[in-house]
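Down below is the structure, laid out as C-alpha cells.
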Amino acid sequence: MATSKTSPRPQLRLVVDTDADAFKDAMELAGKFLARRARSEREVRTKLVEADFSTDVAERTIERLVELELVDDHEFARQWIEDRVKRRGLGRRALIGELGGKGISRGVAEDVLAETDFDEAAQAVELAQGFARKVAHHPLEKQAAKILTMLARRGIDYDSAKAAVRAVLPPEGWD
C-alpha cells in the first residue's frame with residue numbers, strides 16, 4: 001500500500017493590532033483599579049507598568065482617562081484630604097506628605113488645602129481635647145509632652161500644637 005505524502009495545511013495567520021489590544025486591555029485594567037476608589041495619575045501609571053504594559057500604552061491610557069475625567073489629580077487630592085482629616089485628623093504637613101507619596105505635587109496639594117475650609121489650629125484643639133482625656137492620669141508636664149507628640153505624629157505644626165495644648169491644659173505646671 002502506497003502512502004501518499006500530503007503537505008501540511010498552511011496555517012492562517014491573523015494580523016492583529018496588538019497596540020490597540022494592549023490599549024483596550026490597559027483601559028480595562030485601569031477601570032477595575034479605579035472602581036475600588038479614586039486614584040492619582042501616578043498610581044494608575046504604576047499599576048499599568050507593573051502589569052507589563054509599555055510606557056507608551058500606559059501614557060495613552062492615562063491621557064484617555066484624564067479626557068474622560070476618570071483620573072483627576074486635583075479632585076483626588078480634595079477627596080484624600082477630606083477623608084484623612086475626617087478619619088485620622090491629619091495636619092497640613094502629613095497631608096502634603098501622603099499626597100506626595102501618591103504622586104500629587106506639593107503645589108496641587110497646597111492649592112487644594114487652600115480651597116478647603118481646613119483649619120489646622122481647630123483640628124489640633126479637637127485632637128488635643130480627645131487625647132487629653134486619655135492621658136489625664138499623668139502629671140501635667142507629661143500630659144503636655146504626650147499631646148504635643150501625638151499632634152506632631154499627625155502632622156500638626158508646632159505652633160498650632162502648642163496653642164492646642166494651652167487651650168486644653170491649665171498653664172501651671174507644664175508651660
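The values are calculated or read from the model by the stated rules, or taken from the named source; none is laboratory data. Remember, predicted model here, so these are calculated numbers, not experimental data. Backbone-built Cβ (ideal geometry, glycine too); neighbour counts: all protein chains shown.
Structure notes:
- For the stretch 36-49, the condition of being assigned to a helix (DSSP H, G or I), modelled with pLDDT under 90 and either of a type in the set (A, V, I, L, M, F, W, C) or more than 30 Å from residue 161 (Cβ to Cβ) (or both) holds for none of the residues.
- Matching residues in the stretch 151-167 - criterion: being surrounded by fewer than 20 Cβ atoms within 10 Å (Cβ to Cβ) and without any contact (Cβ under 8 Å) to a residue 60 or more places away in the chain: 152, 153, 158, 159, 162, 163, 166, 167
- Here residue 45 meets each of (1) basic (Lys, Arg); (2) surrounded by fewer than 19 Cβ atoms within 10 Å (Cβ to Cβ); (3) farther than 18 Å from residue 152 by Cβ with one exception, condition (2).
- For the stretch 83-98, a residue qualifies if it is within 19 Å of residue 41 (Cα to Cα), touching a residue at least 24 places away in the same chain (Cβ under 8 Å) and surrounded by fewer than 19 Cβ atoms within 10 Å (Cβ to Cβ), and exactly one does: 97.
- Condition check for residue 111: surrounded by fewer than 18 Cβ atoms within 10 Å (Cβ to Cβ) and touching a residue at least 60 places away in the same chain (Cβ under 8 Å): no
- Lone qualifier among 60, 93, 88 - being of a type in the set (Lys, Arg) and over 27 Å from residue 131 (Cβ atoms): 60
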